[in-house]
1. For the chain, what's the radius of gyration and Dmax over Cα atoms, in angstrom?
2. Roughly speaking, what is the stretch gain from Asn16 to Arg67, that is 0.36 nm per residue apart minus the C-alpha to C-alpha distance, in nm to one decimal?
3. Restricting to DSSP loop positions (anything but H, G, I, E, B) with no more than 16 other Cβ atoms inside 10 Å of their own Cβ, which GluC sites (Glu not before Pro) remain in region 207-292?
4. Which residue fluctuates the most in the chain, going by a Gaussian network model with Cα springs under 10 Å, if the choices are Val164, Val256, Val78?
5. Mind putting a number on the dipole of region 153-212 about its Cα centre? Charges go on the C-beta only, +1 for Lys and Arg and -1 for Asp and Glu, and I need it in Debye to the nearest 20.
6. State the extension gain, in nm to one decimal, for the chain segment bounded by Leu250 and Arg218, taking 0.36 nm per residue of separation less the distance between their alpha-carbons.
7. Among His37, Ile11, Ala136, pick out the residue whose Cα is farthest towards the positive end of the charge dipole of the chain, where Lys and Arg carry +1 and Asp and Glu carry -1 on C-beta, about the Cα centre.
8. State the extension gain, in nm to one decimal, for the chain segment bounded by Arg199 and Ala265, taking 0.36 nm per residue of separation less the distance between their alpha-carbons.
Amino acid sequence: MQRLSDDNLRIAIQSNGRLTRPTLDLLHGIGLDFEAHERRLFTRCRNLDVELLFVRDDDIPEYVQDRVADLGVVGRNVVLEQSARVEELEPLGFGRCTLSIAVPRDAPLASVEALAGKRIATTHPVSLRRFLAERAVDAEVVEIRGGAELAPALDIADAICDLVSTGTTLRVHDLVPVIDLWESEAVMIGHADAVGDGRWGPLVERLRTRIRGLLMARRLKYVTLNAPAASVPEIREILPAMKSPTIVPLADEGMVAVHAAVEEAVFWDAMERLKEAGASEILVLPVEKVLP
Ligand code: PRT
Ligand code: ZN
């Protein structure tokens, strides 16, 4: 495949699949100004020296390894399965799934040892063989192209090894997961030469900082509240702020306003305890971007 030009950093992304929408949202979120046209191979960003290459996800690790693209966004599972020589730069928090071995509900195959001598159908033969070798289990790996969940019913295999996210596919086919091999999520990968000190290093670093800032912002809320100054020590304990909170005196004697960025996970519980500690007018605002 020919490069459009050497004037742009090239990022390979999935053209049409589960990762496409969250990947486009992420790239827009970090400030890349572009339009994604269906059935176009390339698109250029208007505001940065970046171009996007839209391809099948299976091609992305190899394209980055061969420097057809400098960076890529792809499931870690694809990188592992292809043993591609690329660097994993940033976990992206979407496309989460687990590679699991599953068996028919009534099969007594709940342990790794019980798989010895059995047939396991998978589209992830490299990962499965590696796992079985590590555990010294002698099972037959049946390589298939897709639809692993059908293999036991068709008597092609006794078990399957497939990606699971909600678990619905397994349930519908009366299968139960018994062993997890590893977890995966979408990751940004890069070619070592694009990441280092070379021509693109500074731009790659900027993009990575923005990604981290965007992902951190999604986990945070900005909380402002009013409280008696005497309650501040207790409030600081309840609000595990990113850094020290901002505390400003109010016109009312003995009252302060507290501003803090807080992890959303601690949220409702913390709000109720704040009220009990004397806080009032609690405002909770979304955080759009963070540059730590
Ligand atoms: O056309 P192209 O080759 O680009 O796409 P694709 O069809 O190969 O991939 P796609 O779009 O289906 O998935 C892209 C990536 O999404 C994968 O490489 C994973 O990193 C990630 N991902 C996350 C998943 C799943 N969750 C997932 N559940 N990929 C596939 N599945 C399949 C799984 O194989 C099984 O068939 O969904 C089914 C199970 O889903 P649940 O929700 O029923 O458990
Ligand atoms: Zn694919």
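Bear in mind these aren't lab numbers, they're just calculated from the coordinates by the rules spelled out. All figures in this text were calculated on a predicted structure; none of them were measured in a lab. Using ideal geometry, Cβ is built from the backbone for each residue, glycine included, and neighbour counts are taken over all protein chains shown.
1. Cα only, the chain: 24.6, 78 Å (Rg, Dmax).
2. Values: separation 51, 0.36 × 51 = 18.36 nm, distance 2.18 nm.
Between Asn16 and Arg67, full extension yields 16.2 nm more.
3. Glu253, Glu288
4. Result for the chain, Cα springs under 10 Å: Val256 fluctuates most.
5. Value, rounded to 20: 620 debye.
6. Numbers: separation 32, 0.36 × 32 = 11.52 nm, distance 3.00 nm.
Residue separation times 0.36 nm, minus the Cα-Cα distance, leaves 8.5 nm.
7. Final value for the positive-end residue is His37.
8. Working: separation 66, 0.36 × 66 = 23.76 nm, distance 3.97 nm.
Full extension from Arg199 to Ala265 adds 19.8 nm.
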